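The values are calculated or read from the model by the stated rules, or taken from the named source; none is laboratory data. None of these values were measured; they are calculated from a predicted model. Positions of Cβ are generated from backbone atoms using ideal geometry, with glycine treated the same way; all protein chains shown enter the neighbour counts. Surface accessibility is based on the protein's heavy atoms, side chains included, excluding ligands, DNA and RNA. Shrake-Rupley method; radii C 1.70, N 1.55, O 1.52, S 1.80 Å.
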Amino acid sequence: MTQSPAETSTDPEAGYPGALYAWCAVALLTLAYALSLLDRWVLTLLVAPIKAALNISDTAVGLLMGPIFAAVYVLSGLPFGWAVDRLNRRNLVSGAIGFWSIMTVASGFTRSFFQLAVCRFGIGFGEAALSPAATSLIADMFPRRKVNSAVGVFNLGIYTGMGLSYLIGGGLLAWATINHATFLGGGLAPWQIVFILVGVPGFLVSLALLAVIREPARRDAGKKSGGSMRECFAHVGRHRSALAPLAVGMGTVALFGYAFTWLPTLFTRVWAWPPERFSLYYGVILLVLGPLGTVIGGLIASRLYDRGHKDAPFRVLAVSLPALVIVGGTAPLWPNPYMAIGALAVSAFFSSMSTSTGVASVVFATPSQYRGRVLALYTMTNSMIGTLIGPTGVGLLNDTVFGDGAGIRWSLASILLVVGGALTRFLLTGRKGYARAVIELEAA
């Protein structure tokens, strides 16, 4: 059989798409990621009106923010990982965006806790496909030495999306509060209008993905693409000393992200800030320091790799994650809102750095034929930890221990410092195993 020039070339960067096209694809996938976070997190600004409209408790709101969304997000992760390793990833991403956008718009027409819970299930199902499929696409579009930076840029979507959820969500809530009587003939509350408006752009991004991105060739180091599930789990088992601490320990970032859904409520209850005011400050922080931490984390990891440190992304993670716990965990306890905002700014930087290097760590230690499923297992594990403990834990402590007033600051700090500290400690136990896994993969 005749080999193509790309197969016979000794150039490690031969056969990859052009740099301009590859980075355009990353930009579009990053936009999709940002929209997924916008649709997911805009709920955080709507806690008070939803509680009043649906007559529910803090614990019920925590369930909407976390477990109700996470149940299907976690359970569908592995099936989507299987699909990523076998099916057209471009089409999978496009379909997922369209589906969760439908469910976001539908959230705006709900009138009961049950109806809103069903929509949250749907959003979780659609978003479960995005990260493993997009990361797998990106990893096959770039030479290995550039993967850190490309994955880091993709993860900008997390913090741009969260930032937009505060800036855009806060602005839309203010607009809807004034104009709800004339929107679609009236009859919808401002919080319902916000859901409808943030869901619509996803349909345009879904179509743009189909028009711009082509499915890339899979890079399998000579192995058949799409190894069996048994082989995949065997790989995970061989490298459990690296992958288990990584997946569980990165639950720290998910824990902070989901527990921070209570931040607008914290600032309202403790310092009497309206959600619109907090959203302006925190949205800017996330849009500036989130991407900065992501890019710097990727650049540092790439520089360390070029210097011969095969475990480069894990090295960065081992510094950024403890910093997140210390700074972010104490943010609710500062005596005034501006000092708390400063601590949140620093924690946003380290959180984004941890997120990008965590995903890059999985990519670096996983053969291409298993990458979709291992990324799905990784996302399932840390998302389950973060969503089950973060928002619901804070809500339960509000209702049963510290009260639902200013005591929310102690609920948040307790969850973040105690649980986040334990998870981070476990992650640090995986460093030696991780280095062995990367060296073995590169030797193959």
Review point. Only one of (1) open to solvent by 20 Å² or more (accessible area, probe 1.4 Å); (2) under 26 Å from the mean Cα position of the chain (by Cα); (3) of a type in the set (Ser, Thr, Tyr) is not met by Tyr258, so which one is it?
Key: (1)
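Residues checked against (1) at pLDDT below 85; (2) open to solvent by 40 Å² or more (accessible area, probe 1.4 Å):
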{"site": "Ile389", "(1), (2)": "no, yes"}
{"site": "Asp404", "(1), (2)": "yes, yes"}
{"site": "Ile408", "(1), (2)": "no, no"}
{"site": "Ser414", "(1), (2)": "no, yes"}
{"site": "Gly421", "(1), (2)": "no, no"}
{"site": "Arg436", "(1), (2)": "yes, yes"}
{"site": "Ala444", "(1), (2)": "yes, yes"}
Exercise for review: Determine if segment 170-184 includes at least one residue that is under 30 Å from Ile296 (Cβ atoms) and not aromatic (Phe, Trp, Tyr).
Suggested key: yes
Point to revise | Unmet criterion (only one of (1) modelled with pLDDT of 85 or more; (2) surrounded by fewer than 18 Cβ atoms within 10 Å (Cβ to Cβ); (3) over 20 Å from the mean Cα position of the chain (by Cα); (4) not β-branched (Val, Ile, Thr)) for Ala106 | key: (2)
Check your understanding: Going through segment 45-85 one residue at a time, which ones are open to solvent by less than 30 Å² (accessible area, probe 1.4 Å), among the hydroxyl-bearing types (Ser, Thr, Tyr) and not in a helix (DSSP H, G or I)?
Key -> Ser76
**Study point:** Among residues of segment 301-320, those that are part of a helix (DSSP H, G or I) and open to solvent by less than 70 Å² (accessible area, probe 1.4 Å), counted
**Key:** 11
Practice item. Residue by residue through segment 294-346, note down the ones that are over 24 Å from the mean Cα position of the chain (by Cα) and farther than 21 Å from Leu428 by Cβ. Key: Arg303, Asp306, Arg307, Gly308, Leu333, Trp334, Pro335, Asn336, Pro337, Tyr338, Met339
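Every residue, every condition in (1) open to solvent by 10 Å² or more (accessible area, probe 1.4 Å); (2) assigned to a helix (DSSP H, G or I); (3) more than 24 Å from Phe99 (Cα to Cα); (4) modelled with pLDDT of 80 or more, yes or no:
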| position | (1), (2), (3), (4) |
| --- | --- |
| Gly157 | no, yes, no, no |
| Gly169 | no, yes, no, yes |
| Leu172 | yes, yes, no, yes |
| Trp175 | yes, yes, yes, yes |
| Leu209 | no, yes, no, yes |
